[in-house]
Amino acid sequence: MAESWSFLDTFEPNFRPLVVIELAKGTKEETIDWFTKRIVDKKANGGAQLLVKPLVTENGNENIYLVGASHLRLLLGAETVGLVKECNDNSMRTFTYSSRKTFKDFADDNHNFLTMAEGQYIIKHELENLRAKDEKMIPGYPQAKLYPGKSIVRRLLTSGILVQIFPLHDREELKKLRHSWYGQVKVGYQPLDEIRCYFGETVALYFGFLEYFTFALIPMAVIGIPYYVFAWEDYDKYVMFATFNLLWSTVILEVWKRICAIMTYRWGTLLMKRQFEEPRPGFHGVLGINPVTGREEPVYSSIKRQIRIYLVSLPFVCLCLYFSLYVMMIYFDLEQWALDYHEENESNFSSLMLFVPSIIYAVVIEIMNRIYRYAAEFLTSWENHRLESSYQNHLVLKVLVFNFLNCFASLFYIAFVLFDMKLLRQSLATLLITSQILNQFAESLLPYWLQKRHKKRMKKRMSSLKTDADLSLVEQINLEKEMGTYFGTFDDYLELFLQFGYVSLFSCVYPLAAVFAVLNNITEIYSDALKMCRVYKRPFAEPTANIGVWQLAFETMSVISVVTNCILIGMSPQVNALFPDSKMDLILTVALVEHLLLAIKFIMAFVIPDKPRDIQIKLAKLEFESLEALKQQVRATDMYSSEK
């Protein structure tokens with residue numbers, strides 16, 4: 001990053017800005033003085049002991065502040081947050097400042113021992129843990145109440161005094177990453193280690209899963225093409241394809257756990273201890289005492305929360321599901337109209353009209369999914385969950401249930417009520433392809449175009465300023481603060497989850513689904529990389545050891561796919577011909593095969609270890625060494641006590 005400080009106070013010669021804080025215009029001076037003092041104050045006095053400088057331009061201070069930290073402060077912060085680094089003996093251990101010499105590439109003058117993303121994560125952690133001491137309110141804003149232990153940054157955010165906090169891009173490193181990631185079209189692996197160093201483990205793990213899932217789809221795509229070309233109406237041949245699909249969906253999810261463990265061990269997050277969760281920013285309630293920490297914090301009745309969930313949120317979700325089914329029935333009316341029109345006219349235009357209802361329905365599905373997402377976020381926030389993990393779990397559940405019904409209800413209805421396999425193939429193909437095109441446009445192309453327009457306007461404005469100061473950093477910050485905010489990997493995983501459903505639920509009817517999924521994911525890798533590097537602000541790194549609740553979501557989808565594919569095979573004319581006299585025998589046989597496949601699925605999940613053997617040994621060795629060190633510490637304490 002260019003370090004030009006002609007417009008800054010250069011009292012700290014080695015100051016490197018890592019994080020930007022933007023306060024609201026018109027923020028009172030006493031508030032700014034109090035907040036910046038708390039940032040730079042010593043830890044012993046309740047401060048964060050960081051470095052902070054105002055961004056001064058020709059127009060004066062724009063209420064933008066740059067936050068950094070000394071090398072020593074970052075090392076101590078790395079120990080506080082429990083970062084895991086590689087040692088000289090190639091093992092992975094939790095970093096401690098006292099044993100810093102034992103870690104690979106460490107040197108007192110090596111300021112690159114911690115990556116920029118790790119430094120920004122440490123600063124974010126320290127800022128979020130700035131807590132009120134004796135203050136009853138934010139100075140200058142008597143309506144913004146404080147109490148001992150309340151997070152200052154969260155209170156400033158909810159009061160509208162603090163506009164945003166975001167980490168700065170490193171333009172030189174970003175340029176290198178762009179070149180190796182998507183700067184050239186090539187067939188190969190993504191630079192996941194470089195992505196992790198720049199964006200953190202959560203983003204890197206998503207791209208790792210996207211890449212893995214794309215490669216895992218290739219066998220399905222290769223096998224699906226000849227099935228589509230040579231055996232279109234031959235359902236008994238689809239039995240082998242469907243069986244392969246069911247086993248494939250189990251194997252890829254279990255193998256992913258192993259690959260995920262290998263990556264996160266190498267990155268150190270597999271060993272990171274889970275920190276005690278603080279109340280989420282939007283949590284509110286009556287001031288009380290936390291029985292675990294003994295600190296004062298808001299307390300909210302769990303009974304009130306349950307009432308909100310079951311008497312408001314649940315009925316609302318059910319109402320939305322009913323509305324989704326109502327829209328689905330309108331779609332079938334349109335399908336019938338298009339079919340009647342085609343039978344009356346028998347022209348090329350009428351043939352094209354057969355696809356119009358599905359395309360319109362696919363667009364409506366995407367619109368409804370996005371509107372419902374906002375409603376689900378509002379409701380989940382209104383439920384007032386204390387912990388971020390609880391909030392995320394309830395939000396994911398709401399969104400997954402609605403999206404699953406909204407996207408797949410019409411396919412289930414066509415398959416198991418209308419028994420129209422031709423319409424099922426047509427609807428599945430149209431929904432899959434249309435949703436992929438809409439997602440690519442809405443998530444990447446449109447934001448990129450808007451950001452490019454904004455960047456041109458900003459450059460014109462900056463070039464018109466008459467000043468002798470080096471404005472490279474000013475220009476960078478002004479550009480980045482107006483960029484969109486990346487809200488995490490939720491929408492990205494949701495898109496892959498729905499794609500997995502399209503591929504696995506009705507695979508024996510439309511084998512080409514995997515082909516379109518592979519083509520989409522190849523472009524998705526490049527478009528997502530583009531939006532991370534060019535469209536959005538740099539997100540704070542978030543350590544993670546796995547893909548979380550999404551692993552369970554994908555596994556649940558694979559179980560449902562066993563049931564749907566078995567029923568579809570049982571409905572085929574060829575299978576029905578084997579049981580001409582008794583439909584009960586057919587039902588029992590299909591149920592038996594379905595239970596057998598589920599049993600095989602669960603046995604495979606049990607047999608395939610989640611972690612490779614070598615990583616299991618390394619983790620067990622570290623646990624043994626930790627226990628031995630604890631025993632020695634206890635013995636030393638006992639000996640010291642006995643001598644006294």
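The values are calculated or read from the model by the stated rules, or taken from the named source; none is laboratory data. Remember, it's a predicted structure, so these values are computed and weren't measured experimentally. Only protein heavy atoms, including side chains, enter the accessible area calculation; ligands, DNA and RNA are left aside. Shrake-Rupley method; radii C 1.70, N 1.55, O 1.52, S 1.80 Å.
Pairs of Cα atoms nearer than 8 Å and 6+ residues apart set the relative contact order; for the chain it is 19 percent.
Tell me what the chain gives for mean residue ellipticity at 222 nm when only DSSP H runs of n ≥ 4 count, each as -39,500 (n - 2.57), the sum divided by the residue total, rounded to 500 deg cm²/dmol. Intermediate values should be presented prior to the final figure.
Details: 22 runs with 386 residues, N = 644.
Result for the chain, helices only: -20000 deg cm²/dmol.
In whole angstrom, note down how far apart the Cα centers of region 286-327 and region 566-620 are. Measuring centre to centre over Cα atoms gives 38 Å. Across the protein chains, with a 1.4 Å probe defining accessible surface, the residues Leu66, Leu512, Leu72 rank Leu72, Leu512, Leu66 from largest area downward.
How many times 2.2 N^0.38 Å is the alpha carbon radius of gyration of the chain? Don't skip to the end; give the middle numbers.
Values: Rg = 28.5 Å, N = 644, 2.2 N^0.38 = 25.7 Å.
Here the Cα radius of gyration is 1.11 times the empirical estimate.
On region 119-201, 54 percent of the accessible area sits on carbon and sulfur atoms, based on a 1.4 Å probe. For region 210-225, putting each phi into the Karplus relation 6.51 cos²θ - 1.76 cosθ + 1.60 with θ = phi - 60° gives couplings of 4, 5, 4, 4, 5, 5, 5, 6, 4, x, 4, 5, 5, 6, x, 4 Hz, in residue order, rounded to whole numbers and with x for Gly and Pro.
Residues of the chain: accessible area per residue at 1.4 Å, in Å²?
Here the residues of the chain average 50 Å² of exposed surface.
Counting only protein heavy atoms and using a 1.4 Å probe, the accessible area of Glu172 comes to about 110 Å².
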